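For reference, the structure discussed in these notes is given below.
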Amino acid sequence: MQAKFDIDTGNFDLNHKIFKVISEVADEQGVEVYVIGGWVRDQILGRPSDDIDFVVVGSGIDIAKKVARRLGRIKVFVFRNFGTAMFKYENMQIEFVGARKESYRRDSRKPIVENGTLQDDLNRRDFTINAMAISLNKATFGKLIDPFNGLEDLKNKIIRTPLNPDITFSDDPLRMLRAIRFATVLDFEIHQQAYQAIIKNRERIKIVSQERITEELNKIMMASRPSKGWKLLYDTGLLEIIFPELHKLAGVDYKQGVSHKDIFLHSIKVLDNVAQKSNNLWLRWAALLHDIGKPYTKRFDGKTWTFHGHEVVGAKMIPDIFRRLKLPLNENMRYVQKLVNLHHRPMQLVGDQVTDSGFRRLIVDAGEHLEDLLILVESDVTTKYDEIRQKIMNNFKYVRQKLKEIEEKDKLRNWKPPIDGHLIMKTFGLKPSRVVGEIKDAVKDAILDGLIPNDFNAAFDYMLKIAEEKYNLKPVIAKPEQGKAENQEDFRDNGLKSN
Ligand code: CTP
């Protein structure tokens, strides 16, 4: 929902039924009621929002119940400990709270002890731009109340705390991250005093739950230029505390006058590049983390810096990072892991010495995520020299084209090798293990390289051969009967064509 704000009169045009009903109930009960916080900010910024918070100078729960009754038979959820009540109306999420003297903490476990005035309530909010209210009582209906000049700060794009920032941040240290998140999402600057207070109070972030921290990080990730937030986290010293692996990427080493690029700055640039092309949160995480393994593989070979195998090391780090950040340990994590693992492969296909099988293998390994992988790889080109950039991009166009051709020709999109891990285990009486994976990959590679035909019998015989030769394994069952698989395109005739 969006309401109009008249900057000259300082009045909001609130014509939605809900505001009228609340206004009537407030006057009947003789209490002050205000719209407050993020919704007010977002209306002035012209950002539609359906999440509306109301403050009552009195009991928020009572007013919520009365308003809900008048709007129809609406179920109200009451959180007595927090003094709040919520309900849904049309698409809107409506929340009522009593004005309080204490710090405003939505998920504080402490019960609210002291009721306060509107001014008390606004004092204890996080930022001036979030400490504005709109009056709903009839006499002043629609009037903006802005004791800390939040409107001015919105205009000048400034994040500033209503009170001394040391007090505001110690009331709730998460606000240090919220400052950085708002600065990133809205492209605002953090006021100097608040910025210094973040540096000073940074250690206090340790008392905040990981879930709340990660919620802010995800919001930073979804900004149009997320690098701004990660840079602020680095500069204020918060990054080192909340995300040491990422912090470790920062800085440059010199040996014999040769340096490598700052991997942290590179990673957040890649993230910005991806953000321009995709709103997929997990592709953005993959961009941020694609080089996370580099510090552990860094070597100077006498001429240049190398990072051999950093993608494998990086991919292995992802589960621990996701676990610690309390990011989901599901297919999203496996997706990030896969992209980190594969991010070097597409560039290796540049050049005319590359065989079709290299392309096929990438198509099969990337599967449904091939396009996302290509976006990541193109975003990984961060050289500031336009000419070099252009050349790399042109070469890569050829890779894209070739991938498309081969995929169409060989119908590889949903291709699966005719032999899976279960059959390997059954055939040799094995338990799940590394050997099973190795045999499976050997069979897959032999088909994609055009060494053997793409059919069950050939794959089964090849599996027996490899298992015997490499692992001295003998089958414990006979070869099962197998119908013709859906896609038995033979890759042999074009296996090494472009070589
Ligand atoms: N608030 C606060 N300190 C916090 C969290 C919230 O002072 N740590 C206050 C702010 O006034 C904020 C309001 O509570 O505007 C509502 O909080 P929330 O819904 O979390 O944030 P919004 O400002 O609405 O913005 P967003 O939904 O983008 O988080």
Probe 1.4 Å, heavy atoms of protein chains only: per residue, the accessible area of the chain in Å² is 49 Å²
First compute the accessible area of the stretch 165-242 with a 1.4 Å probe, then give the percent of it belonging to carbon and sulfur atoms. 48 percent
Could you please put 262, 235 in sequence from largest to smallest accessible area, using a 1.4 Å probe? 235, 262
Arrange the residues 311, 405, 90 by how much accessible surface each exposes, largest first, with a 1.4 angstrom probe. 90, 405, 311
Span from the the stretch 1-45 Cα centroid across to the the stretch 118-135 one, whole angstrom: 14 Å
Distance check, please: which entries in 4/155; 298/444; 155/326; 228/303 exceed 26 angstrom between their Cα atoms? 298/444; 155/326; 228/303
Rank 400, 360 by accessible area, highest first, at a 1.4 Å probe radius? 400, 360
So how much accessible area does residue 324 have, in Å² to the nearest 10, using a 1.4 Å probe? 90 Å²
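Of all accessible surface on the stretch 4-156 at a 1.4 Å probe, what whole percent is carbon and sulfur? Mind showing how you got there, number by number?
Values: 3450 of 7420 Å².
It is 46 percent, rounded to a whole number.
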Carbon and sulfur together cover what percent of the accessible area of the stretch 263-410 at a 1.4 Å probe radius? 50 percent
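The values are calculated or read from the model by the stated rules, or taken from the named source; none is laboratory data. Quantities reported herein were computed from a predicted structural model and do not represent experimental measurements. When the accessible area is computed, the model is the full protein with side chains, heavy atoms only, and any ligands, DNA or RNA have been set aside. Shrake-Rupley method; radii C 1.70, N 1.55, O 1.52, S 1.80 Å.
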